[in-house]
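See below for the structure under consideration.
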Amino acid sequence: PASTPAQAGTDSAEPEKPAQKPALSVRKIFMLVWASGAALLGLWFLFCNLRYGRQLRAGVLRAIAPKEGRPAVRLTRTALSPCLFGLFPPAIYVTMDCAQDEQLLHHCAEHEYTHYLHRDHIWAVLRGVCLALHWFNPLVWVAYILFCRDIELACDEKVVRGLDGAARADYSQALLSCAAAKSAIEF
């Protein structure tokens, strides 16, 4: 029998709409949290390094003429300890206490020059990028801390290897005096 248009509409089933996926899946939420953490930590590292670089440069009292092929050595009142800082070009910054003793200045400059030879200023940027990308992984933080310690030990070993017995004792004393000054500031 023929049906009327009104009956046809009620008898036929309406096509079902496909189920919509939620706007934010768990994967998208995790990716958003990861990307936000990486961006925030990366920006924090950049901010801290720019601020510290500005403080170092603002505190420079005088520059010490570098030897051929070495980075510039600058005496600054704002450094907590001697350091190699910067990328293009890097410079060695020494403290006031370090500059008052010629032998201590020499040992600190040699240690920081070894950092320069090992390209540690570039590795520091790469470490920061890896840490920002893997901010959620505690093993990466442990690796970062151990890597920083190993870099210092490698520089000390290279400097000491080129010294005789008396100079090694002087270098050790220089390390102790810098470490004691740094720990007094941190305490």
Determine, yes or no, whether Arg161 is surrounded by fewer than 17 Cβ atoms within 10 Å (Cβ to Cβ) and among the basic types (Lys, Arg). yes
If I ask for residues that are under 23 Å from Ala72 (Cα atoms), in contact (Cβ under 8 Å) with a residue 12 or more places away in the chain and under 11 Å from the mean Cα position of the chain (by Cα), which ones from the range 117-147 would you list? Asp120, His121, Ile122, Trp123, Val125
Candidate set from the range 61-81 (those that are touching a Leu at 6+ places or on another chain (Cβ under 9 Å) and within 18 Å of Tyr116 (Cβ to Cβ)); member that is surrounded by the fewest Cβ atoms within 10 Å (Cβ to Cβ): Ala63
Filter result for the condition that a residue is part of a helix (DSSP H, G or I), hydrophobic (A, V, I, L, M, F, W, C) and in contact with a Ser or Thr (Cβ under 8 Å, 6 or more places away or on another chain), over Leu50, Leu56: Leu56
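The numbers here are math on the coordinates, done by the rules we state, and not lab data. As the structure is a prediction and not an experimental result, all values here were calculated from the model. Heads up, the Cβs are rebuilt from the backbone with ideal geometry, glycines too, and the neighbour counts pull from every protein chain shown.
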